[in-house]
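Novice: Quick one: the structure is below, questions incoming.
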Amino acid sequence: MKKIFVILFSVTSLLMFAACAQKAKVTTSWVDPSLKGYGANDILVMGVSKDETHLKLYENVFVDQFIKTGIRAMASHKVIGQVLEPDRDIVEAAVKKSGASSVLITHLVDSKSKTHTIPGTVHYQPSGFYGYYGRTYNSVYTPPSHVTRTVVRLESNLYDVSTSKLVWSAQSEAINPKLLRTDFERIVGPLIADMKKKGVMQ
């Protein structure tokens, strides 16, 4: 008689979860050729979001990462209070009050989720009586599992305050972000690295 063992996750499922682990990257970026070597060193960080908590956390993480690289930076919510969707007048007022020479504005481009179904499988494992007598086979059953992959895309733009010119622009994406501080650090890290690479930071 066959014995059936129910296992919640197969190796395939675990690999799928590992592949969908939280990560972020810059997918494309651009810098004004006439402003290479711009050397931003005094930046106002401004996020655009309908979620106050995430907005503050994002700005704070960006500021902290800038400061670690020796760049003076300020979060807009600490300059003018919390504004979820700032217009041009609000941005200009924040820049003027902060005294920053550059402003970095980030907004959500889109967020898409897709669920993948991993079919259930049955594996047969040989077993024996003390290894000497006739073998039998146990059935190991793995039920279907569902993995949801969410991709969030952001756009970040760095402007020169004195000329209002766009200096640098980048689109980035994060996979399965839970929007914790560590997620924002993963998102911000590649953006700052790209800014350095493009020569727009001192």
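Novice: Using θ = phi - 60° and the Karplus relation 6.51 cos²θ - 1.76 cosθ + 1.60, list the HN-Hα couplings for the range 165-181 in order, rounded to whole Hz, with x at every Gly or Pro.
Specialist: With the stated coefficients, the range 165-181 comes to 7, 6, 8, 8, 9, 8, 10, 9, 9, 10, 9, 6, x, 9, 6, 8, 4 Hz.
Novice: While we're looking at this one, here's another question. Any chance you could run the full-extension gain for Asp89 through Ser162? It's 0.36 nm times the residue separation minus the Cα-Cα distance, nm to one decimal. Intermediate results must be reported in sequence, preceding the final value.
Specialist: Details: separation 73, 0.36 × 73 = 26.28 nm, distance 1.54 nm.
Difference between extended and current length: 24.7 nm.
Novice: Can you give me the distance in nm between label points at Val151 and Thr27, each placed 7 Å from the Cα along the Cα-to-Cβ direction?
Specialist: 0.5
Novice: R0 = 41 Å: FRET efficiency of Lys196 with Lys112, Cβ-based, nearest 0.05?
Specialist: Details: r = 29 Å, r/R0 = 0.72.
With R0 = 41 Å, the Cβ-Cβ based efficiency is 0.90.
Novice: Could you tally the net charge around Ile80, taking each other residue with its Cβ under 15 Å from the Cβ of Ile80, Lys/Arg +1 and Asp/Glu -1?
Specialist: Values: positive: Lys56, Lys78, Arg88, Lys96, Lys97; negative: Glu52, Glu59, Glu85, Asp87, Asp89, Glu92.
Within the 15 Å Cβ shell, the charges total -1.
Where a number appears in this text, it was derived from the coordinates with a stated rule and is not lab data. The shown structure was predicted, so the numbers you read here are calculated from the model rather than taken from an experiment. No Cβ is skipped: glycine too gets one built from the backbone with ideal geometry, and neighbour counts run over all protein chains shown.
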